[in-house]
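The values are calculated or read from the model by the stated rules, or taken from the named source; none is laboratory data. This structure is a prediction, so every number in the text was calculated from the model and none was measured. Reconstructed Cβ throughout: ideal geometry from the backbone, glycine too, with neighbour counts over all protein chains shown.
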């Protein structure tokens with residue numbers, strides 16, 4: 001009996017360690033902590049989970065941040081941009097190159113993500129997903145085929 005209880009508690013401790021902990025502030029200024037971050041707000045990672053899904057999410061977040069910074073830098077007026085005819089004759093500026101690199105990194109990330117999603121959708125007949133409330137649901141065959149079509153289009157667009 002004691003051994004069974006010890007194994008149960010150690011199993012629960014391992015399960016608790018598997019999930020990450022996130023911190024975010026909502027639109028009312030209230031600080032929240034949770035295991036699933038909202039997609040619409042900026043999130044601070046308190047404890048990183050050890051899953052591939054987290055690594056994919058982190059890479060997407062970094063690519064989005066880099067693209068946003070590149071857009072902000074490109075939008076700022078600089079003395080170099082006053083005379084655009086000289087720049088056009090000289091070639092692309094450093095800012096344009098940074099924007100292009102950020103966009104290329106974001107496209108590569110989307111390409112990789114789409115390829116992984118397509119592989120998962122085509123190799124598994126039953127696909128389960130987590131909705132916004134954290135509930136698990138199975139995708140129907142029509143929805144799975146629709147997503148396969150979307151992922152193929154995304155691969156054509158980004159790869």
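Yes/no per residue for (1) at pLDDT below 85; (2) loosely packed, with under 11 Cβ neighbours inside 10 Å:
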{"residue": "105", "(1), (2)": "yes, no"}
{"residue": "111", "(1), (2)": "no, no"}
{"residue": "124", "(1), (2)": "yes, no"}
{"residue": "132", "(1), (2)": "yes, yes"}
{"residue": "139", "(1), (2)": "yes, no"}
{"residue": "145", "(1), (2)": "no, no"}
{"residue": "148", "(1), (2)": "no, no"}
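Scan region 148-158 and tell me whether some residue there is within 16 Å of the chain's Cα centre (by Cα) and under 20 Å from residue 73 (Cα atoms). No, there is no match, as no residue in region 148-158 is within 16 Å of the chain's Cα centre (by Cα) and under 20 Å from residue 73 (Cα atoms). Quick check on residue 84: is it over 30 Å from residue 157 (Cα atoms), modelled with pLDDT under 70 and out of contact with any helix residue (DSSP H, G or I) (no Cβ under 8 Å at 6 or more places or on another chain)? The answer is yes for residue 84.
Of the strands (runs of 3 or more DSSP E) entirely within region 1-81, those holding at least 2 residues that are modelled with pLDDT of 80 or more and out of contact with any helix residue (DSSP H, G or I) (no Cβ under 8 Å at 6 or more places or on another chain) occupy 21-25, 31-34.
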